[in-house]
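Report on the following structure.
Only the coordinates and a few stated rules stand behind these numbers; no lab work does. Every value quoted in this text rests on a predicted model; they were computed, and no experiment measured them. When we count neighbours, we look across all protein chains shown, and the Cβ atoms used for this are built from the backbone with ideal geometry, even at glycine.
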Amino acid sequence: MNALKLIVFLFGLLVVFGFDDAEGTASEESGRVQLFQDFDTNKDGKLSRQELTAGYRELLDESNENPTEINTLVTKAFRDEDKNKDGFIQLNEF
Ligand SMILES: [Ca+2]
Ligand SMILES: [Ca+2]
């Protein structure tokens, strides 16, 4: 399993857990918040395209990943996750 597939899998798990249990357990919730805060480098409570791209690059092994693939992943994330279409991913959309 390469890094890109792994991260897609992990995000899939987040989605599944989100639907299974809207409240989440404390550890699932804190893991999600932690990841969100790691990505939100300017701490404004929402993720821009740049922050999500940088976040993916941090998580993935930069040297092995095609930037186009990361860009595609980010575009897909915004299409699927940015529910209010404001161009940012808020914590409740993450
Ligand atoms: Ca931000
Ligand atoms: Ca949004």
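Listed values, structure above:
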| item | result |
| --- | --- |
| Residues with amide H under 5 Å from that of residue 90, placed H, sequence gap 5 or more | 47 |
| Residue-wise HN-Hα coupling along segment 78-83, computed from phi with Karplus coefficients 6.51, -1.76, 1.60 (Hz; x: Gly, Pro) | 5, 4, 7, 9, 7, 5 |
| Prolate/oblate/rounded call for segment 32-94, Cα gyration tensor, a/c under 1.5 rounded | oblate |
| Label point distance in nm, residue 72-residue 86, each placed 7 Å from Cα along Cα→Cβ | 3.1 |
| Ranked 76, 85, 46, criterion: other C-beta atoms within 10 Å, fewest first | 85, 76, 46 |
| Charge context of residue 37, other residues only, Cβ under 12 angstrom, K/R +1, D/E -1 | -1 |
